[in-house]
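The values are calculated or read from the model by the stated rules, or taken from the named source; none is laboratory data. Note that the structure is predicted; figures quoted are calculated from it, not measured. Cβ coordinates were reconstructed from backbone atoms using ideal geometry, including for glycine residues, and neighbour counts include every protein chain displayed. Areas reflect the complete protein model, heavy atoms only, side chains present, ligands, DNA and RNA absent. Shrake-Rupley method; radii C 1.70, N 1.55, O 1.52, S 1.80 Å.
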Amino acid sequence: MADMDGIKTNNHEGIDPSKNFHTEVAPGKTNYHIKGMDNMSWGMKDRMSRIFNPKSGNALILAVDHGYISGATKGLERLDILLPELQEDIDVVMATRGAIRTCLPPMFNKPIALRCSAGSTVLSEDVTSETIGVDIEDVIRMNASAMAVQTFLGTKDEKETITNLCRTIDAGIKYGIPTLAVVAVGKQMARSPQFFSLATRVLAELGAQIVKTYYCEDFEKVTSGCPVPIVVAGGKQLPPKEALTLAYRAISEGARGVDMGRNIFQAEDPKAMAKAVAKVIHEKYTDNEAYEFYLDTKVK
Ligand code: 5RP
C-alpha cells in the first residue's frame, strides 16, 4: 500500500483547517524578464530564459556557425577543442547540427541556437540565397533552445529569406522554440541606422522572438523600436579593446546581449576574451574595465 501520510486528507466537514493557503498574499506574478514575451507559451519562455540570464537579463551567445558558409574558418579548425575550453564562459552556442553532433559532447549542457538556414557558400557569387536547412523534428531531437535563420532584406532574395523565417517561426511557435532572426548584410548593402532600424522591426513584426543585428549609430533608437530583444553581431576581428567597446556600447544602448564569433575565437586568447565580454554582458563592466580584465587574464 502506498504511503499516504501527509497527502491523504481526513474527512472534515470543510477544507482541512491545517492547510495554509496564504489568503493574505496576492497571487504571485511571474515577473518575466524578457521584453515582448508576455503572451508566449511557458515552453517558449523557459527556452528564452535559458538564453537570457534571468539575473542580468542578457546573453553571451558564441557564434561558431561560420563553417556552413566558409568551411574550416580560422579559429574554428577544431571545434571539439575550442568549445569545451570556452564552455564555462559563455551562455549559448550558435552552431550547425553537423558541428554540434560531431564536436560537442551532450554533457556540454549549454543552450544551443541551431543554425537552421542554409543554401550558399563562399564559392557562390553572393551568399544571399538560402532555404530552410533543418526540419523542426531534428531541432526538437537536438533539444535546441532557438533556431537561427538569416534574412537578406533589400536583396533579390528578400522574399525567399523572409519565407524561410516565417516558416521557421510557425514551426517554432507550434513547439515552443524561439526563432533568432539574423539581419544579414550582403556585399553591396549599406549598414545604415535606417536600414537596421527597419530590418530589426520588420523581423520582430514577422514574429521572431530574438533579432540579431549589427551595431550602428543611433542604436538606442534601433533597440527601442524593436519589441523583442536584440543581440549584436561581432563582425570581423577588431583589436580586443574595440571589440569590448562594441559590446559595451551595444549593452548600454539597449541590446540584451551579443552573438559574437570572430572577436572571441580569433582573439589571441579566446578564453580571456570570452570572460572579458561576459563581464560587460552580465556584470556591468565598462569597456575600459573589461579591457584591463582581459589584459590581466590573458596568457602572457
Ligand atoms: C552570420 C551569422 C554569424 O553567426 C555571425 O555573424 C558570426 O559572428 P561574427 O560576425 O561575430 O564572427 O549570424 O549571419
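Name the residues of the stretch 142-177 whose amide N is less than 18 Å from a point 7 angstrom out from the Cα of Met189 along the C-beta direction?
Within reach of a label on Met189, which here means backbone N under 18 Å from a point 7 Å along Cα→Cβ, the stretch 142-177 contributes 148-169.
Can you give me the accessible area per residue for the chain, using a 1.4 Å probe, in Å²? The partial results should precede the final answer.
Numbers: 15740 Å² over 300 residues.
That works out to 52 Å² for each residue.
Of the candidates Gly14, Gly57, Gly71, which one comes out as most mobile in a Gaussian network treatment of the chain with C-alpha springs shorter than 10 Å?
Maximum fluctuation in the GNM of the chain, among the listed residues, is at Gly14.
Antiparallel as a % of all DSSP beta bridges within the chain, to the nearest 5? Walk me through the intermediate numbers first.
Numbers: 2 of 28 bridges.
Once the DSSP bridges in the chain are tallied, antiparallel ones form about 5 percent.
Post the alpha-carbon centroid distance, the stretch 73-106 to the stretch 143-208, in whole angstrom.
Here the two parts' Cα centres lie 24 Å apart.
Over every pair of different alpha-carbon atoms in the stretch 118-177, take the mean of 1/r and invert it; report that Kirkwood radius in Å. Intermediate values should be presented prior to the final figure.
Details: mean 1/r = 0.0816 Å⁻¹.
The Cα-based Kirkwood calculation yields 12.3 Å.
Using θ = phi - 60° and the Karplus relation 6.51 cos²θ - 1.76 cosθ + 1.60, list the HN-Hα couplings for the stretch 60-73 in order, rounded to whole Hz, with x at every Gly or Pro.
Computed from phi, the couplings for the stretch 60-73 are 9, 9, 8, 8, 10, 9, 4, x, 6, 10, 10, x, 6, 5 Hz.
If you fit an axis through the alpha-carbon atoms of helix 270-283 and take the longest principal axis of the Cα set of the chain, what angle between them do you get, 0 to 90°, nearest 10?
Between the helix axis and the principal axis of the chain, the angle is about 50 degrees.
Under the classification rounded if a/c is under 1.5, otherwise prolate if a/b is larger than b/c and oblate if not, where does the stretch 86-215 fall, given a ≥ b ≥ c as square roots of the Cα gyration tensor eigenvalues? The partial results should precede the final answer.
Values: a/c = 1.63, a/b = 1.54, b/c = 1.06.
Prolate is the answer for the stretch 86-215, as a/c is 1.5 or above and a/b outweighs b/c.
Give or take rounding to whole Å, what are the principal axis extents of the alpha carbon atoms in the chain, in descending order?
Between the extreme Cα coordinates on each principal axis of the chain lie 79, 48, 41 Å.
Nearest 5 is fine: what % of DSSP beta bridges in the stretch 1-139 come out antiparallel, could you say?
Numbers: 2 of 8 bridges.
Close to 25 percent.
Report, largest value first, the span of the C-alpha coordinates of the stretch 171-275 along each principal axis, in whole Å.
Its Cα atoms span 41, 32, 28 Å along the three principal axes.
So what's the angle, to the nearest 10 degrees on a 0 to 90 scale, between helix 240-252 and the longest Cα principal axis of the chain?
Compared with the principal axis, the helix lies near 50 degrees.
Taking a ≥ b ≥ c as the square roots of the Cα gyration tensor eigenvalues, with a/c under 1.5 meaning rounded and otherwise prolate when a/b beats b/c, else oblate, which class fits the stretch 171-226?
prolate
Which angle from 0 to 90°, rounded to the nearest 10, does the C-alpha axis of helix 42-51 make with the longest principal axis of the chain?
Value to nearest ten degrees: 50.
Pairs Lys187/Lys275; Lys110/Lys156; Lys156/Lys275; Lys187/Lys212; Lys19/Lys55; Lys19/Lys45: which are spaced more than 29 Å apart, C-alpha to C-alpha?
Details: Lys187/Lys275 32 Å; Lys110/Lys156 36 Å; Lys156/Lys275 40 Å; Lys187/Lys212 18 Å; Lys19/Lys55 33 Å; Lys19/Lys45 31 Å.
Table pairs above 29 Å Cα-Cα are Lys187/Lys275; Lys110/Lys156; Lys156/Lys275; Lys19/Lys55; Lys19/Lys45.
Kindly identify the stretch 1-81 as rounded, prolate or oblate by the Cα gyration tensor criterion: order the square roots of the eigenvalues as a ≥ b ≥ c, call it rounded if a/c is under 1.5, otherwise compare a/b with b/c, prolate if a/b is larger, else oblate.
Working: a/c = 4.70, a/b = 2.50, b/c = 1.88.
Here the stretch 1-81 falls in the prolate category.
Packing-wise, with mean Cβ within 10 Å as the measure, how do 194-203, 224-233 rank, highest first?
Working: 194-203: 20.4, 224-233: 21.9.
For the peptides 194-203, 224-233, the packing ranking is 224-233, 194-203.
Could you size up the charge dipole of the chain around its Cα centre, putting +1 on the beta carbon of Lys and Arg and -1 on that of Asp and Glu, and report it in debye to the nearest 20?
320
Using the Karplus curve 6.51 cos²θ - 1.76 cosθ + 1.60 with θ = phi - 60°, work out ³J(HN,Hα) for each residue of the stretch 92-108 in order, rounded to whole Hz, and write x for Gly and Pro.
8, 10, 9, 7, 8, 5, x, 5, 5, 5, 9, 10, 10, x, x, 6, 3
Out of the stretch 158-249, which GluC sites (Glu not before Pro) are coil in DSSP terms and have no more than 15 other C-beta atoms within 10 Å?
Values: sites: Glu158, Glu160, Glu205, Glu217, Glu220, Glu242; in loops: Glu217.
In loop regions of the stretch 158-249 (DSSP not H, G, I, E or B), the sparsely surrounded GluC sites (Glu not before Pro) are Glu217.
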